[in-house]
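Inspection log for the structure reproduced underneath, given as structure tokens.
Rule-based calculations on the coordinates, nothing more; no lab input. Quick caveat: nothing in here was measured; it's all calculated off a predicted structure. All Cβ positions, glycine included, derive from the backbone under ideal geometry; neighbour counts span all protein chains shown.
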Amino acid sequence: MKSVVIEHLARVEGHGGITVELEGGTVGKVHFDVFEGARLLESLVCGKRYDEVAPILSRICSICSSAHSLTSLKATENAFGVQISPQAELLRELLYQGESIESHALHLFFLAAPDYLNFPSAIALAAAKPDAVQLGLRLKKLGNLVQETIGGRAVHPVNVVPGGFGTVPTIDQLIELRTALREGMADCDAVLNVIASLPPTDFCHCDTAYAALLSPDLGSYYPGDEVMLVNNGDRSRVRAADYRMLANEQSVLHSHAKHSSFGGRPFMVGSLARLTVNAQRLTGRLAVAMQRLQLQLPARNPMDNNKAQAVELVSDIERALHLVEHLLRDGIKDERPAEVKVRAGTGTGITEAPRGLLIHSYTYDSEGRITAADVITPTALNAASMELHFRRTVEQCAEREEAVLARRLQMVARAYDPCISCSVHLVRRQ
Amino acid sequence: MKPLLAIGIGNRLMGDDGVGCVVAERLAGHPRLPECVEVICGGTDLLRYAGQMEERSRVVIIDAIEGDAEPGSVAKFEGGCSGLDEHQDHAHHLSAVQAIRLLEMTTSARCTLLGISVSSVAVGTGLSPTVDARVPAILDRVLQELDGAPSDSRGLP
């Protein structure tokens, strides 16, 4: 029995890895070990007041801090029966689009592209392809501007509060945003050119189940409270309040992350899942983008999640511009947050974070303090699916050279854009 | 050129990992802070601040550092942070060292990293007592750097 152990997934993870057992041509165990920090952070909010929760839990992740803030507020508002205004709903969606632009640009240009081109890091990519890196930086800056304008700062937003927003953007700020987003639209072709030019990655194929929020207007990340699972043409719906049925978490001995499955099958969440579940949105510019990237749904290759992120990047800029134009056309109202009347109860919020379904569920006492909290991240939901795709990658690889296997497995892991150890940020001496 | 920029990064939910943010917050209102310095209290992704680094000649980054040095001591790194591990430990953002090297390639800013040695990095709000007690000395060292005073890379005793 030969074991291939990838203890340190380059640019993926410092607290886990992949273990593959091989006996001749037969693949034995395939394990993906994960340190899941979010679960430990849940304990920090028990006993906290309802208005302290989102600022704390936004710190789970620096890249998805708006997603955690907004999902946290959605859960809290659901627990108290708070209805936010249509304008607040629209602004929250705009904030989410900004985060998605920033996150997808970071992942595609600084993390995934070096994998495809066999560069050891984004630094090497910057030396060889400075235009691609500058494009990525411009898009990140655009996403940050949206988040600063709506959320009050680029990371860990301070302007989203229970019931709505602390302040609303001014007309001048929205005009500045519109100008920047129009410039961003001009970069969309370049995005597709870069992604379309990457070498093909046909080393993992299998039937895959997908789960994503049913988007009321097909392309949004924030509204909606029903998840759809697509599995070989079968479609199932799960309401937010029944999220445990969706997650169906099982502990596994080899990983700190529980594994999720629905109907006995792992499922994938993220960009590819969103496009699959809300496929009616793929018209016009997005249909052209799909064709340009040769992306067909339902996909059988997890690497296609990178292409799906590129399609979403184009969609995000277009939608953010549409939302800003809508606000400018209808006029922005200087409204206060909706009143929050605390009561004992449980509320669940599900949204679409850049890397997939994000679930926050809280139970409050009658004084508005948390007695129980549950946070399920996209990477936790994806863990079983990742392991399945790692297995297929090894099974479908004719070579048994460790370096070849390791590179392919790392690229598949990267395609999921996993959030594993992002709760810690340390520099180490060599 | 815009003023000198100081960015404190880290995660305040992970004990001493958040020391860069704590220092940045205290720095922002400090009477000794030179007028020509802007301060950002950031998260864990340094690349997020690429836009703010444009048109700066110098950026000072304050971050937690892991190693054998005494907790709360401050070490200075320049010139691409040689001597520091650039390994990517994060799923979806670059390590601080990688981000510094990339930003030095793509912007005009020269980066100085002030690394504060940690005692404990684990889930929890607040700094460890050891590092917390050193915050006034750390602030003094950072202010020296921002004030343009000569500095060395030996760290605080």
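Per-residue ellipticity at 222 nm computed for chain A from its helices equals -14000 deg cm²/dmol, with DSSP H segments shorter than 4 residues left out and the rest contributing -39,500 (n - 2.57). Placing unit charges on the Cβ atoms only, positive for Lys and Arg and negative for Asp and Glu, gives chain B a dipole magnitude near 320 debye about its Cα centre. Result for chain A in a Gaussian network model with C-alpha springs under 10 Å: among A:LEU44, A:LEU381, A:LEU95, the largest mean-square fluctuation is at A:LEU44.
Can you list the GluC sites (Glu not before Pro) in the range B:1-69 that are in a DSSP coil and have 15 or fewer other beta carbons within 10 angstrom?
The qualifying sites are B:GLU35, B:GLU54, B:GLU55.
For chain B, averaging the sequence separation of C-alpha pairs within contact (under 8 Å, six or more residues apart) and dividing by the residue count gives a relative contact order of 32 percent. Highest mobility in the GNM of chain B, judged by mean-square fluctuation with C-alpha springs under 10 Å and restricted to B:MET53, B:MET105, B:MET14, is found for B:MET105.
Our summary gives chain A a relative contact order of 25 percent, counting only alpha carbon pairs under 8 angstrom and 6 or more residues apart.
Taking the DSSP bridge list for chain B and keeping only pairs wholly inside it, about 15 percent are antiparallel. Its residues counted as N, the range B:4-146 yields a C-alpha radius of gyration over 2.2 N^0.38 Å of 0.96.
Bridging of B:LYS76 to lysines at a Cα separation below 24 Å is possible for B:LYS2, once same-chain residues fewer than 8 apart are set aside. Across the range A:57-67, computed HN-Hα scalar couplings (Karplus, 6.51 cos²θ - 1.76 cosθ + 1.60, θ = phi - 60°) run 6, 5, 7, 4, 8, 6, 7, 9, 5, 5, 4 Hz from first to last residue, x flagging Gly and Pro. Note that the range B:137-142 has calculated 3J(HN,Hα) couplings of 5, 5, 4, 4, 5, 5 Hz, one per residue in order, obtained from phi through the Karplus relation 6.51 cos²θ - 1.76 cosθ + 1.60 (θ = phi - 60°); glycine and proline are x.
Placing dummy labels 7 Å off each Cα toward the beta-carbon, the span from B:THR125 to A:ASP330 is 3.5 nm. Model label points for A:ASP51 and A:ARG178, set 7 angstrom from Cα along the Cα-to-Cβ axis, are 3.4 nm apart.
Under a cut-off of 30 Å between alpha-carbon atoms, report the lysines in cross-link reach of A:LYS333, not counting same-chain residues fewer than 8 places apart. A:LYS333 reaches A:LYS74, A:LYS140, A:LYS141, A:LYS341.
Scanning residues 5 or more positions from A:GLY17 or on other chains, those with amide H under 5 Å from its amide H are A:ASP33, with H placed 1.01 Å from N in the peptide plane.
Can you put A:CYS397, A:CYS64 in order, fewest other beta carbons within 10 Å first?
Working: A:CYS397 16, A:CYS64 25.
With the fewest neighbours first, A:CYS397, A:CYS64 line up as A:CYS397, A:CYS64.
So for the range A:100-243, averaging the separation of alpha carbon pairs under 8 Å that are six or more residues apart and normalising by length, what relative contact order in percent results?
Numbers: 130 pairs, mean separation 21.4, N = 144.
Here the relative contact order equals 15 percent.
Using the Karplus equation 6.51 cos²θ - 1.76 cosθ + 1.60 (θ = phi - 60°), what ³J(HN,Hα) coupling, rounded to whole Hz, does each residue of the range A:72-86 give in order, writing x for Gly and Pro? The phi angles translate into 4, 5, 4, 5, 5, 5, 5, 5, 9, x, 7, 9, 7, 6, x Hz. Dipole orientation for the protein assembly as shown: of the candidates A:VAL155, A:THR377, A:GLY25, A:GLY25 has the Cα lying most toward the positive pole (charges on Cβ; Lys, Arg +1; Asp, Glu -1). What is the spin-label model distance, in nm, from A:GLU395 to A:ALA344 if the labels are put 7 Å beyond Cα along the C-beta direction? Reported label-point gap for A:GLU395 and A:ALA344 is 5.1 nm.
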